[in-house]
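Just below is one structure, and these are the notes that go with it.
The values are calculated or read from the model by the stated rules, or taken from the named source; none is laboratory data. No experiment lies behind these values; they were computed from the predicted model shown. With ideal geometry, Cβ positions are generated from the backbone for all residues, glycine too; neighbour counts draw on all protein chains shown. For the accessible areas, the whole protein counts, side chains as well, though only heavy atoms, and no ligand, DNA or RNA atoms are used. Shrake-Rupley method; radii C 1.70, N 1.55, O 1.52, S 1.80 Å.
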Amino acid sequence: MDPSKTNGQKSLSHVVAVPYPGRGHVNAMLSFSDDLAARGLTITVVATEEWLGLISAAASDSSPSPSAENPRFRSIPNVIPSEHVRYADFAGFIDAVFTKMESPFERLLDRLDPPPDAIIADTFLPWAVAVGNRRGIPVYSLWPMSPSTFSVFYHFDRLESDDSEGRADDDLIKCIPEIRAVRYGDLQWLMAIKSTLKRLLETFLWVPKAKALLLTTYYDLEPGIVDALRSILPISVHPIGPSIPHIKLHRSDSNYDDYFSWLDSQKDESVLYVSQGSFLSTSGPQLDELVAGVRMSGTAYIWVARGGDATRFEGGSHGLVVGWCEQLRVLCHRAVGGFMTHCGWNSVLEGLYAGVPMLTFPLACDQPLNRRLVAEVWGVGIDLLKEAKASEVVGERRWRRLSGG
């Protein structure tokens, strides 16, 4: 798909991109916006004032920043709860995203010069489709998770009507077309968000009203799912490739942080990179087991630890603990030989891009499903949760063996 053209219609020149306000969603939209800007389109990314600040704080010389000419950034007021407290009242956060962002977004469109030729909106922002349809602006729905996860949401009625008598968590799901390796237990998180599930499912009633569905994946990763969606949806479905910051890898102006100097001093494929994402947290007992196992294995590691978690690493001598890093650049470094991941879709795509085998430790949401793809469908990783006991804690002895000891 050439995003600058729309099936015989005029070429696009100015596109507004609006991400769902969550780190994985924002990162995917920013990477795609960077790709489109590199092809000559003018891109305006719209985010709340808080998110604009977060994007600016995370920006480095190797990534687009809110002061860059293209993509350019515009803000709407902070009409939703802060990113720092959204998990405390997730239902309230979702309700605000669905009901309070539409009006300021539409007012912002009135002030843009030139006016946009198209809107690219996260699938979880259905009001963006409504705004575009009212104004005669085509809206492209960007899905920043796996096609399998989209299919689970889209066919949720089949899951509800499926006979549950005698069904075990480890039973394969067979009622969704072309889905592979996913168990009913992998979708327990859907039942845990009942207060928001109805609103989230309403999103998928708006997808057919968009111009097209854009999937952040390669077709060959899940061809059966993509073909099934193409046969069901009345709009075009385009796998656009992984929406990850691959363009940054080819920029020579990146900051050369200390952790790269440390990686340069390590042997080829000798380092384990560990990251558990930016939103959900590993339990304290589990994190203690993982730290103990890596230490006892003697494996060199670079570990992204948030907040107070860094204190758990005190006394370690063969690794490096950082609060943040350029993940894709680290994964592509010659010294990195493995990736312990929470299985967020962006991280899975980055691991695949870098060709690094993965130790999968999903926490919630779409991550258990992504784990199945990595470990059972593509065969590029190991499922750590198979080793969990009744407490759902992977013991340090098993972890030590898997991580190299």
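Values as computed for the structure displayed
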item: Residues of the range 209-218 satisfying the condition of being in contact (Cβ under 8 Å) with a residue 40 or more places away in the chain and surrounded by fewer than 19 Cβ atoms within 10 Å (Cβ to Cβ); result: Lys209
item: Residue match in the range 305-319 (condition: part of a helix (DSSP H, G or I), of a type in the set (S, T, N, Q) and at pLDDT below 90); result: yes
item: Restricting the range 323-338 to residues that are modelled with pLDDT of 95 or more and among the small types (Gly, Ala, Ser), the residue that is surrounded by the most Cβ atoms within 10 Å (Cβ to Cβ); result: Gly338
item: Residues of the range 127-143 satisfying the condition of being in contact with a Gly (Cβ under 9 Å, 6 or more places away or on another chain) and open to solvent by less than 10 Å² (accessible area, probe 1.4 Å); result: Val139
item: Residues (on the phi > 0 side of the Ramachandran plot and open to solvent by 60 Å² or more (accessible area, probe 1.4 Å)) located in the range 176-188; result: Glu178
item: Residue list for the range 339-382, restricted to those being in contact with a helix residue (DSSP H, G or I) (Cβ under 6 Å, 6 or more places away or on another chain), open to solvent by 20 Å² or more (accessible area, probe 1.4 Å), among the aliphatic types (A, V, I, L, M) and within 15 Å of Asp186 (Cβ to Cβ); result: Ala364
item: Selection within the range 92-126 - surrounded by fewer than 22 Cβ atoms within 10 Å (Cβ to Cβ) and under 20 Å from the mean Cα position of the chain (by Cα); result: Phe93, Ile94, Phe98
item: Of residues in the range 243-297 being modelled with pLDDT of 85 or more, out of contact with any helix residue (DSSP H, G or I) (no Cβ under 9 Å at 6 or more places or on another chain) and small (Gly, Ala, Ser), the one least open to solvent (accessible area, probe 1.4 Å); result: Ser270
item: Test: Glu69 is within 30 Å of Glu326 (Cβ to Cβ) and free of Cβ contacts under 8 Å to residues at least 12 places away in the same chain; result: yes
item: Test: residue in the range 161-175 that is part of a helix (DSSP H, G or I), farther than 24 Å from Asp383 by Cβ and open to solvent by 10 Å² or more (accessible area, probe 1.4 Å); result: yes
item: Every pair of residues 6+ apart whose Cβ atoms lie under 6 Å, when the first sits in the range 34-55 and is among the hydrophobic types (A, V, I, L, M, F, W, C) while the second is part of a helix (DSSP H, G or I); result: Ile43/Ser33; Ile43/Leu36; Ile43/Ala37; Val45/Ser33
item: Matching helices (runs of 4 or more DSSP H) fully within the range 42-157 where at least 1 residues are farther than 20 Å from Leu197 by Cα; result: 49-58, 102-111, 126-135
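Matching residues to (1) part of a strand (DSSP E or B); (2) in contact (Cβ under 8 Å) with a residue 60 or more places away in the chain; (3) in contact with a Leu (Cβ under 8 Å, 6 or more places away or on another chain); (4) surrounded by 16 or more Cβ atoms within 10 Å (Cβ to Cβ):
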position	(1), (2), (3), (4)
Leu190	no, no, yes, yes
Lys198	no, no, no, no
Leu201	no, no, no, no
Val207	no, yes, yes, yes
Asp220	no, no, no, no
Leu229	no, yes, yes, yes
